[in-house]
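Notes for the one structure printed next.
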Amino acid sequence: LTEAEVDSLALTEALVDSLALTEALVDSLALTEAEVDSLALTEALVDSLALTEALVDSLALTEALVDSLALTEALVDSLALTEALVDSLPLTDAEVDSLALTEAEVDSDALTDALVDSLALTEALVDSLALTEAEVDSLALTDAE
């Protein structure tokens with residue numbers, strides 16, 4: 001082998017080593033592609049988490065809607081209760097008529113109280129008149145003398 005051939009072989013070995021290094025780089029790049037895929041997967045997971053948060057928000061909204069429906073049912077029940085109250089209004093009107101009678105009785109009682117007071121006043125007037133009669137008698141005696 002000539003020196004030139006030996007040098008050529010050494011260069012060839014260097015090229016082979018370089019190719020092996022290139023293959024390692026290619027393998028490394030393949031790993032990098034896996035990492036890129038992993039990063040893409042990670043981004044997909046991040047997007048999925050954002051979607052999950054949206055689902056959680058949606059569930060919270062759904063719960064709010066359920067609560068709203070329960071409130072609506074309570075309103076419906078309240079309306080039914082209101083209708084029952086409306087139905088009881090004729091009974092209430094009868095009670096109002098009864099209350100009007102009661103007010104008349106109260107007025108009658110007030111009138112009775114006024115009559116009692118008037119009678120007491122009349123008795124006081126009678127007593128006063130009786131005293132006046134005594135005075136009249138006294139005056140009559142005075143006139144007779």
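Rounded to the nearest 20, the size of the Cβ-charge dipole of segment 1-93 about its Cα centre is 380 debye, with Lys and Arg at +1 and Asp and Glu at -1.
Across segment 35-45, coupling constants 3J(HN,Hα) worked out from phi with the 6.51/-1.76/1.60 Karplus curve, θ = phi - 60°, read 5, 4, 4, 5, 5, 4, 5, 4, 4, 5, 5 Hz, and Gly and Pro carry x. Computed 3J(HN,Hα) for segment 78-88, one whole-Hz value per residue from the Karplus formula 6.51 cos²θ - 1.76 cosθ + 1.60 where θ = phi - 60°, is 4, 5, 4, 5, 4, 4, 4, 5, 4, 4, 7, glycine and proline marked x.
The numbers here are math on the coordinates, done by the rules we state, and not lab data. The structure displayed is predicted, hence computed values, not measured ones. All Cβ positions, glycine included, derive from the backbone under ideal geometry; neighbour counts span all protein chains shown.
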